[in-house]
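**Q** Can you keep this structure in mind? I'll have questions shortly.
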Amino acid sequence: MTTIHAGDRTSGCAECAKNDPTLREEGALSWLQEACPTYAENVGELYHWASNYNNFSPFRKFLDLIGYTEEMYGEEMPLSNWERPSFELGYVELAKLGEALTEYANRPQEVTRFIAELLEVEQEHGL
């Protein structure tokens, strides 16, 4: 199946969207909508949902649980507050977290690469 590109934008091609500099400049949430691979859709959904929280707490808990925090930042201290996890996680957040963890369990290396790229876009261009 070939992907048809319209102008400067990609149309349905996540791989092409990942490298679109214009899309990257619009920020992580815009980039996420176009560049999120199918194997990480729930990780992307958790990130998007967590953008409504102070300190992205549901997504940060995900990063802590998969070991990303320690592996990428070299910190033994978690990004998220674990004293009262149920305080920040309701049933919707737990469901989204569970779905994201399942995607990570199925394709850990690919999901980790996607997370690194997502956080790079966020760091360079904001939300």
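**Q** If you check LEU97, LEU127, which single one turns out to be in contact with a helix residue (DSSP H, G or I) (Cβ under 8 Å, 6 or more places away or on another chain) and assigned to a loop (DSSP other than H, G, I, E, B)?
**A** Only one candidate passes the filter, namely LEU127.
**Q** Something else now. Considering only segment 76-89, I want to know if a residue exists there that is modelled with pLDDT of 90 or more, surrounded by 12 or more Cβ atoms within 10 Å (Cβ to Cβ) and not aromatic (Phe, Trp, Tyr).
**A** No, the conditions are met nowhere in segment 76-89.
**Q** Provide a single number: the residues in segment 27-55 that are surrounded by fewer than 17 Cβ atoms within 10 Å (Cβ to Cβ) and of a type in the set (D, E, K, R).
**A** Looking only at that region, the number is 2.
**Q** Same structure, new question: Name the residue that is modelled with the highest pLDDT, counting only residues in segment 1-26 that are under 21 Å from PRO108 (Cβ atoms) and surrounded by 14 or more Cβ atoms within 10 Å (Cβ to Cβ).
**A** Of segment 1-26, the ones under 21 Å from PRO108 (Cβ atoms) are 14-15, 18.
Those still in the list that are surrounded by 14 or more Cβ atoms within 10 Å (Cβ to Cβ) too: 14, 18.
Numbers: ALA14: 64, LYS18: 60.
The selected residue is ALA14.
**Q** Of everything in segment 56-75, what is surrounded by fewer than 18 Cβ atoms within 10 Å (Cβ to Cβ), modelled with pLDDT of 90 or more and part of a helix (DSSP H, G or I)? Give them in sequence order.
**A** Across segment 56-75, the qualifying residue is only LEU65.
**Q** List pairs: first residue in segment 92-114 and in contact (Cβ under 8 Å) with a residue 40 or more places away in the chain and over 12 Å from ILE66 (Cβ atoms), second residue of a type in the set (Asp, Glu) and part of a helix (DSSP H, G or I) anywhere in the structure, Cβ distance under 7 angstrom, at least six positions apart or on different chains.
**A** LYS96/GLU45
The values are calculated or read from the model by the stated rules, or taken from the named source; none is laboratory data. On a predicted model such as this, the values are computed, not experimentally measured, just so you know. Counting neighbours? That spans all protein chains shown, and the Cβs are built from the backbone with ideal geometry, glycine included.
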